[in-house]
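What follows is a single structure, written as structure tokens, with notes after it.
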Amino acid sequence: MELVAGGRDADVYRHGPDHVLRRYRDGRSAEAEAALQRDLAGLGFPVPAVVAADGADLVMERVDGEPMATALLGGRLDPVAAGSVLADLHARLHGLVWPGGQPLLHLDLHPFNVLMAPHGPVVIDWSNARPGPAGLDLATTAVILAQVAGSPTILLEHPDVARSPLGHDAADLAARLRALLAAFLAATDAASLADHLEEAVARRRADRYQTAAERTRLDGAAALARELLAQS
């Protein structure tokens with residue numbers, strides 16, 4: 001199968017003309033994630049349609065659209081518009097009626113997990129999703145964005161970037177990413193986000209997929225998020 005995308009814990013392969021297969025490298029089951037995506041689709045939230053799930057494999061529709069991140073970095077998407085899209089996706093997700101009374105959180109909703117399809121953005125990678133306070137989801141996205149805005153060369157480590165040239169120098173990238181973060185913060189519930197910022201940093205620090213270099217950037221990321229929150 002042809003490899004078309006990959007993250008830190010899974011690879012995505014072309015699976016016929018209209019589908020992709022996402023496979024966890026550690027062999028864990030994707031079946032709960034498939035059930036969640038079906039539930040979200042039933043509620044009208046934009047996710048890829050699930051075709052089948054079997055063990056570590058999840059077969060989904062192939063979404064015709066590039067990641068928000070590469071569209072942004074390639075100059076095909078304005079950073080302010082991107083920040084607004086991310087904020088809107090959070091609001092739509094947290095506004096769903098979910099069992100147990102708490103909102104559903106994605107907990108990894110960043111520009112590499114949003115595909116810019118012709119009919120609108122589609123959210124992928126629901127492996128971290130669980131119910132919880134909406135502010136934690138907002139804060140997690142803010143910390144991820146701030147980590148990258150503070151050290152834009154980290155993007156070079158992402159496999160999808162290798163397939164799409166950046167087209168910007170480091171200073172320009174930093175400015176665009178800071179504008180994205182500022183736009184996201186301005187369009188969200190700032191008070192709720194601020195209340196959960198420390199928890200988001202702690203969760204990010206404990207994430208086994210974070211490298212040592214990424215962990216060293218967390219304090220600076222939190223400081224940048226607080227700085228821009230104060231301006232929003």
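The values are calculated or read from the model by the stated rules, or taken from the named source; none is laboratory data. As the structure is a computational prediction, the values presented were derived from the model and not from experiment. Using ideal geometry, Cβ is built from the backbone for each residue, glycine included, and neighbour counts are taken over all protein chains shown. Side chains are part of the model used for accessible areas, which takes the heavy atoms of the whole protein and leaves out ligands, DNA and RNA. Shrake-Rupley method; radii C 1.70, N 1.55, O 1.52, S 1.80 Å.
Some notes on this structure:
- For the range 92-103, the set of residues classified as farther than 23 Å from GLU66 by Cβ and either among the aliphatic types (A, V, I, L, M) or within 12 Å of the chain's Cα centre (by Cα) (or both) consists of LEU96, VAL97, listed by residue number.
- Scanning the range 92-106 for residues that are at pLDDT 95 or above and surrounded by 14 or more Cβ atoms within 10 Å (Cβ to Cβ), we see that the one that is nearest to GLU33 (Cα to Cα) is HIS106.
- Selection of the range 66-78 for residues being part of a strand (DSSP E or B) and either of a type in the set (Phe, Trp, Tyr) or open to solvent by 50 Å² or more (accessible area, probe 1.4 Å) (or both) yields only GLU66.
- Comparison of ALA223, ALA182, ALA202 shows that the only residue that is part of a helix (DSSP H, G or I), modelled with pLDDT of 95 or more and surrounded by 15 or more Cβ atoms within 10 Å (Cβ to Cβ) is ALA182.
- Among residues of the range 7-65, those that are open to solvent by less than 40 Å² (accessible area, probe 1.4 Å), among the aromatic types (Phe, Trp, Tyr) and touching a strand residue (DSSP E or B) at 6+ places or on another chain (Cβ under 7 Å), counted: 1
- Criterion violated by LEU109 - all others in (1) at pLDDT 95 or above; (2) surrounded by fewer than 16 Cβ atoms within 10 Å (Cβ to Cβ); (3) assigned to a loop (DSSP other than H, G, I, E, B) satisfied: (2)
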